[in-house]
Amino acid sequence: AASGRAALRACGVHNVCRLLSRRAHGFYARDAGVAHRKNLGLLRKIMCQESTKFKNVWTTHSASPIAYERGRIYMDNYQCCITSIAQQPRLIYQKSKCAKSEKIEDALLLECPLGEMLPSPSDYKASLIVLTVQNWLLRLSADSGEVLEKVYLAGSCCKFFRYLSWDTPQEVMIVKSAQNKLPAAARQAGIQQTVLFYLAVFQVLPLSFIGMLEINKKIFGNSVTDVAVSNGILIVMYSMGLVRLYNFKAILEQFMEQPFDLGQEFNWNGQVGVVGKYPFGLPCNIKITDTPPLLFEASSLENAFQIGGYPWHYIITPNKKKHKGVFHICSLKDNALAKNGIQDMKCCSLEPDWIYFHPDMSGRIIHVGPNLIKVLKLKEVKNHADQMEIAEDFTIVANRENCVNNSVTVTASGRVVKKRFTLLDDDPEQETFKIVDYEDELDLLSTVAVTQIGADGRAHLDFHCNEHGILLKSIPLKESWDVTYSHEVYFDKDLVLHIEQKPNRRFSCYVYQMVCDTAKDDD
């Protein structure tokens, strides 16, 4: 007890709750994490100083898509890799142009888990999992592009795998096929197609095969339009807006016919081959023979459905077109609508507002409209501990001080002129929010706001305190921003990267690095 009191006095903390909180954040732990957190705190302070600028250090253009993953810029269908961490981006590797049959359809970055023993030294370095058009799953070195592992997915039945996603990030990966559709001639001949999708499930690092299953009309119904797997939940979407959730782990355990390992010789349904090798691929060893127990279902416009918050809540839009832009926040426990749980910005805009649970795991909700960002929180209703209400945590408002939108004007001669139309909330000539993101390492909320006058659009990236929404820094982007193009903006510690897609598959990439302002350099 005496030593505990001495520790409290030594660190200047006189409250036990504060001490426990500081311990939870690693203040007194003798590990690398403490130094890392301190360094990130310093970086945040330096970055938000008025004298710190972000300078456009590199620009490139491409006829193929440009992707960004953790400090690496990928071009030419992942054949070219450029590091963005250096003072100026430089080439890491350039592979020879691949044939159309080797085109990469999708990719995921794979990072080494902490504190685990792995079978191969290459497993401790970052790698890229890619899916090719010919149904090969490849693990590539992120530093050289060398093929470390390869698995052939499709066997005798026709499966066109196209999508990669995480069930559990950096642990369990899902490879999904395109939706199976019969040719028109086969449909006219009366041939029935019952299998809609195939899902292959892998454990990563080391890469191991868990199983493959099919999503069948006979089990899940005729109106299935899409499926997804996330955090152990199988999500099935239907054409009428219905969303159904099933326990994916329970499905794997209940309907697994026989487990297989990659490289294992097998004799399966009359086929003899090696698991993951050409031409046999992977066996479909999970056969769902009966409808699994339903965990939850909801009806929502365009299948829009999200779960989050604490206690668990979900967000839907009532399944009628007239309710587009109206969001209901309900308890997952009993479907009860939260107090103030109907969120409607009543926007008159070409692009709809959007809403999602905050990625900082705080349980808050971010609602983004053309000129307003609301950060909402769940809290107990006073004197009703079993009921939750939605309260406003803070708001961020677009700068429209100079915007005048009078419906009636008076000319110099005194004639009254009435406008027959009013400006939309996202009219390009008014500052409008286009992107909202969260930088987890610096705990900053970033926003991109755009104003377009004529053909010239100007955008700026703003950093806000994630806790209170206070504006800490504003960075003007030098390049013109056309609101009709597709844009992505990445904020990664001291780096800002803007990827733009123009018509006719023309892509541009603009890289900004943090620099200290000096008398010689005003950029």
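The values are calculated or read from the model by the stated rules, or taken from the named source; none is laboratory data. Small disclaimer: the values here were computed from a predicted structure and weren't measured. Counting neighbours? That spans all protein chains shown, and the Cβs are built from the backbone with ideal geometry, glycine included. What goes into the accessible areas is simple: the full protein's heavy atoms, side chains included, and nothing from ligands, DNA or RNA. Shrake-Rupley method; radii C 1.70, N 1.55, O 1.52, S 1.80 Å.
Here is a check on your reading of the model: is Pro113 touching a residue at least 60 places away in the same chain (Cβ under 8 Å), open to solvent by 60 Å² or more (accessible area, probe 1.4 Å) and part of a loop (DSSP other than H, G, I, E, B)?
no
Tell me, which strands (runs of 3 or more DSSP E) lie completely within the range 268-360 with 1 or more residues that are open to solvent by less than 60 Å² (accessible area, probe 1.4 Å) and farther than 30 Å from Ala385 by Cβ?
On the way: elements: 271-274, 294-299, 305-308, 313-316, 326-331, 337-344, 354-357.
The strands (runs of 3 or more DSSP E) meeting that bar are 271-274.
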May I ask you to list the residues in the range 55-90 that are assigned to a strand (DSSP E or B), in contact (Cβ under 8 Å) with a residue 24 or more places away in the chain and over 25 Å from the mean Cα position of the chain (by Cα)? Lys55, Asn56, Val57, Trp58
Surrounded by 10 or more Cβ atoms within 10 Å (Cβ to Cβ) and not in a strand (DSSP E or B), is that true of Ser122? yes
Lone unmet requirement of (1) assigned to a strand (DSSP E or B); (2) open to solvent by 70 Å² or more (accessible area, probe 1.4 Å) for Met240: (1)
Please verify whether the range 91-98 includes one or more residues that are within 30 Å of Val515 (Cβ to Cβ), touching a residue at least 12 places away in the same chain (Cβ under 8 Å) and open to solvent by less than 40 Å² (accessible area, probe 1.4 Å). yes
Mind checking which residues of the range 432-486 are among the small types (Gly, Ala, Ser) and part of a loop (DSSP other than H, G, I, E, B)? Gly454, Ala455, Gly469, Ser480
I'd like to check something: does the range 445-460 contain any residue that is within 20 Å of Ala67 (Cα to Cα) and of a type in the set (Asp, Glu)? no
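Of Glu265, Glu253, Glu257, which residue is over 28 Å from Tyr356 (Cβ atoms), in contact with a Lys or Arg (Cβ under 8 Å, 6 or more places away or on another chain), open to solvent by 60 Å² or more (accessible area, probe 1.4 Å) and of a type outside the set (Ser, Thr, Tyr)?
Result: Glu257 is the single residue among Glu265, Glu253, Glu257 that is over 28 Å from Tyr356 (Cβ atoms), in contact with a Lys or Arg (Cβ under 8 Å, 6 or more places away or on another chain), open to solvent by 60 Å² or more (accessible area, probe 1.4 Å) and of a type outside the set (Ser, Thr, Tyr).
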Kindly establish whether Asp123 is within 21 Å of Ile174 (Cβ to Cβ) and among the charged types (D, E, K, R). yes
Please count how many residues of the range 503-514 are open to solvent by 30 Å² or more (accessible area, probe 1.4 Å) and closer than 25 Å to Asp462 by Cβ. 1
